[in-house]
Amino acid sequence: LKNLQYKGYRQLCDAVTAQLVPDKKDYVVLDLGAGTGLCGGYLRKFAGSLAGADVSPAMLQQASGLRDSDGKQTYDVLQNADIRELLPTLSPASCQVVIAAAVFNYVGDLAGIFDGAAKILQPVGIFAFSTDIALRDVDYH
């Protein structure tokens, strides 16, 4: 990451946290495509509950080792799951923040993801995501 100078996750987290009430520390947050947990470190201080999901066990293993400055594990729950299959299983209006940094390029058709996020978000929830620019035309239908 240092060589890539990847900062997209940080910009996304900054945009999300700018919308949150600064003194509120009990948001229910879901990190889709959590990977190694880059977003988790930024969102933990606002989250009463922070869950992450990713298809890669190796990435989740790295995320499971993250701790905050007090030594508390960053993520409360990490689930090895395809987010397309996970979202339909979650309870309606169960999250206040859903974030997805640099994962949608690996998913394909996003209709189910957007429907799932809309279902699990509370009425004034935040759904934030980043994508990369496609280098070629791809038809996922």
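Test Lys7 against the stated conditions and say whether it is open to solvent by 80 Å² or more (accessible area, probe 1.4 Å) and touching a Lys or Arg at 6+ places or on another chain (Cβ under 9 Å).
Here the answer is no, as Lys7 does not meet what is asked.
If Ile133 satisfies every condition in (1) of a type in the set (A, V, I, L, M, F, W, C); (2) over 22 Å from Ala15 (Cβ atoms); (3) open to solvent by 20 Å² or more (accessible area, probe 1.4 Å) but one, which is the exception?
Looking at each condition in turn, Ile133 falls short on (2).
Within the range 1-66, which helices (runs of 4 or more DSSP H) (wholly inside it) include 1 or more residues that are β-branched (Val, Ile, Thr) and under 24 Å from Ser91 (Cβ atoms)?
Counting at least 1 such residues, we get 8-17.
Of all residues in the range 67-88, which are closer than 16 Å to Gly33 by Cα and either free of Cβ contacts under 8 Å to residues at least 12 places away in the same chain or part of a loop (DSSP other than H, G, I, E, B) (or both)?
Thr74, Tyr75, Asp76, Ala81, Asp82, Glu85
Does the range 101-109 contain at least one residue that is aromatic (Phe, Trp, Tyr), farther than 25 Å from Lys25 by Cα, part of a helix (DSSP H, G or I) and open to solvent by less than 80 Å² (accessible area, probe 1.4 Å)?
Looking for residues that are aromatic (Phe, Trp, Tyr), farther than 25 Å from Lys25 by Cα, part of a helix (DSSP H, G or I) and open to solvent by less than 80 Å² (accessible area, probe 1.4 Å), one finds at least one in the range 101-109, hence yes.
Which one is surrounded by the most Cβ atoms within 10 Å (Cβ to Cβ) among residues in the range 26-52 that are more than 18 Å from Ile83 (Cβ to Cβ) and of a type in the set (Ser, Thr, Tyr)?
Checking each candidate, the answer is Tyr27.
The values are calculated or read from the model by the stated rules, or taken from the named source; none is laboratory data. Quick caveat: nothing in here was measured; it's all calculated off a predicted structure. Positions of Cβ are backbone-derived with ideal geometry, glycine not excepted, and every protein chain shown enters the neighbour counts. Calculation scope for accessible area: heavy atoms of the full protein, side chains included, ligands and nucleic acids excluded. Shrake-Rupley method; radii C 1.70, N 1.55, O 1.52, S 1.80 Å.
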